[in-house]
Amino acid sequence: MKKMVVILFISCKLIFAADFGYVLKNVDNADILLYKGSKIEVVDSSKVMLKAFVNSKNEFFFDKNFVFKIGKLKNNSLVNKTNEYIFKLEKDKFSKDPLESWEEYEELYYEACTQCHSAHEPVEHTMLEWEGLYSSMAEQSQLDKEIGEKVLRYLKSHAKNGFVTP
Ligand code: HEC
């Protein structure tokens with residue numbers, strides 16, 4: 001009997017294992033702004049959940065140390081203590097394959113950062129380390145600000161403690 005319960009529990013866990021996705025474009029609605037590539041958890045066919053930390057300016061961060069900004073909370077009434085935000089998002093606005101939403105920024109990274117040396121794998125460093133390394137490199141490479149921000153988002157998301165690590 002005990003065994004049966006355990007097996008049932010495990011199979012339920014497998015069936016209901018969280019389904020993740022990555023938004024394909026910036027999501028910008030009345031409730032939130034969420035940057036392209038951010039990771040969400042699928043709740044049902046029209047809703048997703050974002051786990052994020054919010055600072056005093058209502059900006060969303062992936063980490064509690066506020067190193068990786070992933071968007072902005074626009075609707076104050078959604079602030080909560082669990083750091084879990086559920087909102088509407090159509091199926092075609094995200095992909096389960098991280099590459100689909102990140103390949104554009106990945107290309108920018110390899111273009112901008114392999115002119116003087118071979119590419120350093122994002123997973124070699126933490127998000128915070130990338131922030132420091134990036135700023136000294138961006139100066140050397142005279143990177144366009146907008147492209148630079150995308151490159152840094154790519155590095156942080158794929159960093160050792162990012163959310164797209166293999
Ligand atoms: C203009 C040439 C140039 C460009 C462009 C460049 N780098 Fe570098 N990078 C260097 C040189 C020179 C070094 C080695 C000396 C040093 O650390 O400054 C280096 C070293 C590094 C290191 C190793 C640092 C360490 O302390 O381990 C990393 C990581 C790095 N670069 C990342 C990047 C990234 C990310 C970009 C794109 C934003 C980039 N680089 C673009 C010249 C460049």
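Here are a few things to note about the model shown:
- Only aspartates and glutamates eight or more places from LYS47 in sequence, or on another chain, were considered; those with a Cα closer than 16 Å are ASP19, ASP28, ASP31, GLU84, GLU90, ASP92.
- Tilt relative to the chain, helix 98-113 - C-alpha long axis, 0 to 90 degrees, to 10: 20 degrees
- Computed on the chain, with alpha-carbon pairs under 8 angstrom and 6+ residues apart, the relative contact order is 19 percent.
- Once the chain from LYS72 to GLU121 is taken as fully extended at 0.36 nm per residue, the excess over their C-alpha distance is 14.8 nm.
- Relative contact order computed over region 10-95 (Cα-Cα under 8 Å; 6+ residues apart), in percent: 30 percent
- GluC sites (Glu not before Pro) within region 62-142: DSSP coil, no more than 14 neighbouring Cβ in 10 Å: GLU90
- Sparse packing (at most 15 other Cβ atoms within 10 Å of the Cβ) combined with a DSSP loop state is found for the following trypsin sites (Lys or Arg not before Pro) in region 110-166: LYS160.
- In region 80-120, the alpha-carbon atoms span a convex hull of 132 Å³ per residue.
- For region 45-142, the set of trypsin sites (Lys or Arg not before Pro) satisfying both a DSSP loop assignment and a count of at most 14 other C-beta atoms within 10 Å is given as LYS57, LYS64, LYS74, LYS81, LYS96.
- The charge dipole of region 98-157, taken about its Cα centre with unit charges on the Cβ atoms of Lys, Arg (+1), Asp and Glu (-1) only, comes to about 180 debye.
- P(r) for the chain, from all Cα pairs and a bin width of 5 Å, is 2, 8, 16, 18, 17, 14, 10, 7, 4, 2, 1, 1, 0, 0 %, short bins first.
- Equivalent ellipsoid semi-axes, region 10-95, via Cα gyration tensor eigenvalues times 5, rooted, Å: 22, 15, 12
- With all protein chains in place and ligands, DNA and RNA left out, the 1.4 Å accessible area ranks MET49, MET137 as MET137, MET49, largest first.
- Stretching the chain fully between VAL43 and LYS64 yields a gain of 5.3 nm (0.36 nm per residue, less the alpha carbon separation).
- Nearest 10 degrees, 0 to 90: helix 145-157 Cα axis against the chain principal axis: 40 degrees
- Listed pairs LYS69/LYS145; LYS39/LYS69; LYS69/LYS91; LYS72/LYS96; LYS93/LYS160; LYS74/LYS145 exceeding 20 Å between Cα atoms: LYS69/LYS91; LYS72/LYS96; LYS93/LYS160; LYS74/LYS145
The values are calculated or read from the model by the stated rules, or taken from the named source; none is laboratory data. Since we're looking at a predicted model, the values are computed, not measured. Here the Cβ is made from the backbone with ideal geometry for all residues, glycine too, and neighbour counts use every protein chain on show. We work out accessible area using only protein heavy atoms, side chains counted, and drop any ligands, DNA or RNA first. Shrake-Rupley method; radii C 1.70, N 1.55, O 1.52, S 1.80 Å.
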